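**Student:** The structure that follows is given in the form of C-alpha cells.
The values are calculated or read from the model by the stated rules, or taken from the named source; none is laboratory data. These figures come from a predicted structure and were not determined experimentally. When we count neighbours, we look across all protein chains shown, and the Cβ atoms used for this are built from the backbone with ideal geometry, even at glycine. Quick note on the areas: whole protein, heavy atoms, side chains included, nothing else; ligands and nucleic acids left out. Shrake-Rupley method; radii C 1.70, N 1.55, O 1.52, S 1.80 Å.
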Amino acid sequence: METNEKRLYKQAYGLSLFTIFYNVIEGIVSMVLGYTDETLSLFGFGADSFIEMMSGIGIAIMILRLMKNPKQP
C-alpha cells in the first residue's frame, strides 16, 4: 500500500473515531437535558445520536478491513 494511501486511511479512521466519540457525548448530553427539561424533541435528538454512532462504528470497521486487505490492481 502506498504511503499516501496509508495516510488517507489513517485520516479516515481518525475521523470515524471522532464521529463515534462526539455522537456518544452529544447523545448523553441531549438525552439528559431532554429528560430533565421534559423535552421529547431534545431527548429524541439524543437517541438519534446513538443511531449515528452505530453508523460510525460500521464505517470504522470497514476502514480497518480496507487497511488490512487493500484491493490489488
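**Student:** For region 31-47: of the residues being open to solvent by 60 Å² or more (accessible area, probe 1.4 Å) and either not in a helix (DSSP H, G or I) or not aliphatic (A, V, I, L, M) (or both), which is nearest to Lys68 (Cα to Cα)?
**Tutor:** Per the criteria, the residue is Phe45.
**Student:** Which members of region 59-73 meet the condition of being assigned to a helix (DSSP H, G or I) and either surrounded by 11 or more Cβ atoms within 10 Å (Cβ to Cβ) or of a type in the set (S, T, N, Q) (or both)?
**Tutor:** Ile59, Ala60, Ile61, Met62, Ile63, Leu64, Leu66, Met67
**Student:** Out of the residues in region 1-30 meeting the condition of being hydroxyl-bearing (Ser, Thr, Tyr) and under 15 Å from Gly46 (Cβ atoms), tell me which one is most open to solvent (accessible area, probe 1.4 Å).
**Tutor:** Taking the candidates together, the pick is Tyr22.
**Student:** What are the residues in region 1-38 that are of a type in the set (S, T, N, Q) and touching a Gly at 6+ places or on another chain (Cβ under 9 Å), if any?
**Tutor:** Correct list: Ser16, Thr19, Asn23, Ser30.
**Student:** I would also like to ask the following. Using beta carbons and a limit of 7 Å, which pairs, at least six apart or on different chains, have the first residue in region 1-15 and without any contact (Cβ under 8 Å) to a residue 40 or more places away in the chain and the second one of a type in the set (Ser, Thr, Tyr)?
**Tutor:** Close Cβ pairs satisfying both conditions: none exist.
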